[in-house]
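See structure below.
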Amino acid sequence: MTSYRSSLQIVARVLSLVNGSARKTHIMYGANLSYRLLNSYLGKVLEAGLARLGDDGWYEITEKGCMFLDRCNGYLKNSEDIENHVKKVESTREELESLLSG
């Protein structure tokens, strides 16, 4: 089963690549995005004030972007932990149902 990335996961990846500074091509390859999607996500990140484009053509994360990235990474970790817990609970339920039926 293929697992697709959420918008938050993509934004977090873009910001983590921009942390320090990065050029557009580096971000595109590092985030595994097409040029069209890269422009879309960079537009959202710039508009939200999470990153800025320097005069030298390098993208840099802002203080707001650092705070967003930190909170987003915490959210994604918690979300993954919950998802794994739900899978364990469902597996236990299925096991109990199979014992009940047979």
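Brief remarks on what is shown
- Any chance Leu76 is of a type outside the set (Asp, Glu) and touching a strand residue (DSSP E or B) at 6+ places or on another chain (Cβ under 7 Å): no
- Filtering the stretch 21-47 to residues that are small (Gly, Ala, Ser) and touching a residue at least 12 places away in the same chain (Cβ under 8 Å) leaves Ser21, Ala22, Gly30, Ala31.
Values in this text are rule-based calculations from the coordinates and carry no lab data. The structure displayed is predicted, hence computed values, not measured ones. Quick reminder, even Gly has a Cβ in these numbers, built from the backbone with ideal geometry, and neighbours come from all protein chains shown.
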